[in-house]
Amino acid sequence: MATAPAIADLADRPPRHSGILPDERTPLAGLSRAELAAALAGLGVPERARRMRTAQLWHWTYVRGVRSFEAMTNIGKELRAALAARFTLDRPQVIAEEISTDGTRKWLLRLDARSDAERAPAVECVFIPEEDRGTLCVSSQVGCTLSCTFCHTGTQPLVRNLTASEIVAQMLVARDALADWPASGEAAPGQRRITNVVLMGMGEPLYNFDNVARAIDIIADGEGLSLSKRRITLSTSGVVPMIERCGREIGCALAVSLHATRDEIRDRLVPLNRKYPIAELMDACRRYPGLSNARRITFEYVMLKGVNDEPAHARELVRLVAGIPAKINLIPFNPWPGAPYECSDWDRIEQFAEIVNRAGYASPVRTPRGRDIMAACGQLKSASERIRAGLRGRVPPAPAQAGGGSSGGQIRGLGSGGS
Ligand code: SAH
Ligand code: SF4
């Protein structure tokens with residue numbers, strides 16, 4: 001077997017739009033059914049056949065997970081060639097895969113540059129396996145504009161919004177890597193590895209509303225990736241004017257990054273609070289379309305030592321959410337280099353959880369996952385400086401199974417994920 005190239009070399013490889021490997025084809029994944037039908041019309045497919053052809057393309061792309069038009073055996077050779085000339089089924093390039101000792105996996109994906117002048121950006125995506133579920137944490141932006149002071153992503157300026165295609169592609173890459181394609185016989189029904197998707201990776205999804213909405217519609221499509229909207233959770237830092245639209249137009253589960261019960265504290269943690277203070281945020285939550293006891297809002301609350309972790313804060317939190325079908329997710333702060341906070345002590349977190357729980361709200365403490373590979377909540381960052389500085393010179397170990405008992409996270413340098 002060939003030795004894997006060093007990760008720094010992979011990170012330095014030219015992207016597809018570098019002018020060295022030009023690719024003007026449009027990614028097929030991420031197009032809506034209507035767009036696919038229009039594309040087929042453009043290729044001369046008669047109207048009566050377009051619906052069937054669209055359904056076939058949809059099935060090959062999202063149920064079989066094929067990566068070449070050649071594999072689409074029920075589509076004629078000529079049409080396959082015409083499709084292959086205009087569209088691509090290539091995945092974003094996987095620059096590196098890291099596997100935590102707890103089985104969490106993180107992929108660093110190279111996206112296409114928008115022009116020859118732009119350096120190809122990279123984005124991270126994380127899979128968290130648990131006994132009864134497998135959660136894929138997906139990014140919606142490269143970087144973030146909001147600069148929450150406890151969040152590593154917030155230290156990376158916004159590079160750009162992801163397209164719907166790039167959001168959907170994270171799921172395709174993960175299904176490839178996890179051998180999780182149902183119709184290829186890889187994953188039997190009921191044994192799927194990705195059971196939930198959370199938009200909790202890099203970026204603020206409600207600042208990229210249209211692309212996120214389109215991507216969620218594709219991920220939830222019952223004849224394709226087929227993940228119910230109840231199993232898709234969008235997390236927002238509190239973009240109040242978009243919350244109602246999120247419920248009405250997307251209809252997925254909502255998580256709100258609350259993190260503080262008083263404006264003077266939240267202003268410091270989530271600077272967006274100065275624009276949309278807590279009272280307005282809670283009002284928008286109260287009005288979230290489709291809210292019921294079966295469809296609760298998750299309030300996320302990061303536990304920061306000496307900042308927001310007092311018993312009085314827990315009692316205020318209970319008062320704030322009164323009347324809203326809610327659960328409170330307590331997140332132990334995940335550290336990152338240079339972070340100005342520490343995680344609350346464990347007994348403090350338990351005491352906090354106990355107060356919230358006694359008031360009648362589920363208050364699970366989120367087990368930190370993938371901290372050793374910087375894959376836990378709020379640790380993602382994909383600035384190219386970090387790829388270089390962090391990984392240069394590290395020799396990727398031989399591929400190993402998740403949870404394989406090594407003492408540290410594992411890094412693998414990978415070749416192109418595209419076909
Ligand atoms: N931008 C969105 C979604 C991405 S962040 C949002 O802010 O909600 C996903 C979750 O991780 C949010 O609840 C965020 O507040 C939390 N988070 C960010 N940095 C963290 C850190 N260092 N430790 C623990 N949680 C963090
Ligand atoms: Fe952006 Fe969310 Fe991080 Fe805040 S917590 S900086 S909104 S990714």
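The values are calculated or read from the model by the stated rules, or taken from the named source; none is laboratory data. Owing to the predicted nature of the structure, the values given are computational and were not obtained by experimental measurement. With ideal geometry, Cβ positions are generated from the backbone for all residues, glycine too; neighbour counts draw on all protein chains shown.
Kindly provide the set of residues from region 57-83 that are in contact (Cβ under 8 Å) with a residue 40 or more places away in the chain and out of contact with any Leu (no Cβ under 9 Å at 6 or more places or on another chain), ordered by number.
Applying the first criterion (in contact (Cβ under 8 Å) with a residue 40 or more places away in the chain) to region 57-83 yields 58-59, 61-65, 67-68, 83.
HIS59, ARG64, listed by residue number.
Determine which single condition TRP107 fails, assuming it passes every other condition in (1) modelled with pLDDT under 95; (2) part of a strand (DSSP E or B).
Unmet condition: (1).
Before we move on, is CYS151 within 15 Å of ligand 1 (Cβ to nearest atom), in a loop (DSSP other than H, G, I, E, B) and either over 17 Å from the mean Cα position of the chain (by Cα) or closer than 26 Å to ILE232 by Cα (or both)? Reasoning before the result, please.
Numbers: within 15 Å of ligand 1 (Cβ to nearest atom): yes; in a loop (DSSP other than H, G, I, E, B): yes; either over 17 Å from the mean Cα position of the chain (by Cα) or closer than 26 Å to ILE232 by Cα (or both): yes.
Criteria met by CYS151.
Among residues belonging to region 225-250 that are small (Gly, Ala, Ser) and surrounded by fewer than 18 Cβ atoms within 10 Å (Cβ to Cβ), point out the one that is farthest from ligand 2 (Cβ to nearest atom). Walk me through how you get there before you give the answer.
Quick first cut of region 225-250, residues small (Gly, Ala, Ser) only: 226, 228, 235, 237-238, 247.
With the extra rule that they be surrounded by fewer than 18 Cβ atoms within 10 Å (Cβ to Cβ), the set shrinks to 226, 228.
Values: SER226: 28, SER228: 25 Å.
This residue is SER226.
For TYR301, are the conditions met, namely being more than 23 Å from THR233 (Cβ to Cβ), within 16 Å of ligand 2 (Cβ to nearest atom) and touching a strand residue (DSSP E or B) at 6+ places or on another chain (Cβ under 7 Å)? Working first, answer last.
Working: more than 23 Å from THR233 (Cβ to Cβ): no; within 16 Å of ligand 2 (Cβ to nearest atom): yes; touching a strand residue (DSSP E or B) at 6+ places or on another chain (Cβ under 7 Å): yes.
When the stated conditions are applied, TYR301 does not pass them.
Hey, does region 135-158 have a residue that's farther than 15 Å from MET202 by Cα, surrounded by fewer than 24 Cβ atoms within 10 Å (Cβ to Cβ) and away from ligand 2 (no atom under 14 Å from the Cβ)? It would help to see each step written out before you state the result.
Residues of region 135-158 farther than 15 Å from MET202 by Cα: 135.
From the residues that got through so far, the ones that are surrounded by fewer than 24 Cβ atoms within 10 Å (Cβ to Cβ) too are 135.
Subsequent filtering for residues that are away from ligand 2 (no atom under 14 Å from the Cβ) retains 135.
Yes, that holds for at least one residue.
Kindly provide the set of residues from region 261-284 that are within 26 Å of GLU350 (Cα to Cα), in contact (Cβ under 8 Å) with a residue 24 or more places away in the chain and away from ligand 2 (no atom under 13 Å from the Cβ), ordered by number. Talk me through it step by step, then tell me what you get.
Step one: filter region 261-284 for residues within 26 Å of GLU350 (Cα to Cα), giving 261-270, 278, 282.
Remaining after also requiring in contact (Cβ under 8 Å) with a residue 24 or more places away in the chain: 261-262, 265, 268-270, 278, 282.
Matches in region 261-284: THR261, ARG262, ILE265, ILE278, MET282.
Quick check on LEU317: is it farther than 23 Å from PHE352 by Cα and touching a Ser or Thr at 6+ places or on another chain (Cβ under 7 Å)?
Details: farther than 23 Å from PHE352 by Cα: no; touching a Ser or Thr at 6+ places or on another chain (Cβ under 7 Å): yes.
For LEU317, the condition - farther than 23 Å from PHE352 by Cα and touching a Ser or Thr at 6+ places or on another chain (Cβ under 7 Å) - is not met.
Would you check if ALA383 is at pLDDT 85 or above, surrounded by 13 or more Cβ atoms within 10 Å (Cβ to Cβ) and either of a type in the set (A, V, I, L, M) or more than 27 Å from GLU310 (Cβ to Cβ) (or both)?
Details: at pLDDT 85 or above: no; surrounded by 13 or more Cβ atoms within 10 Å (Cβ to Cβ): yes; either of a type in the set (A, V, I, L, M) or more than 27 Å from GLU310 (Cβ to Cβ) (or both): yes.
The answer is no for ALA383.
Being within 15 Å of ligand 1 (Cβ to nearest atom) and either at pLDDT below 95 or part of a helix (DSSP H, G or I) (or both) is the filter here; which residues of region 204-236 pass it? Working first, answer last.
Quick first cut of region 204-236, residues within 15 Å of ligand 1 (Cβ to nearest atom) only: 204-209, 211-212, 215-216, 232-236.
Answer for region 204-236, where residues must be within 15 Å of ligand 1 (Cβ to nearest atom) and either at pLDDT below 95 or part of a helix (DSSP H, G or I) (or both): PRO205, LEU206, TYR207, ASN208, PHE209, ASN211, VAL212, ALA215, ILE216.
Note down all Cβ pairs under 6 Å where the first residue falls in region 137-163 and is not assigned by TED's automatic domain parsing to the domain that holds GLY338, the second is assigned to a loop (DSSP other than H, G, I, E, B) and buried (at least 21 other Cβ atoms within 10 Å of the Cβ), and they're at least six residues apart or on different chains.
none
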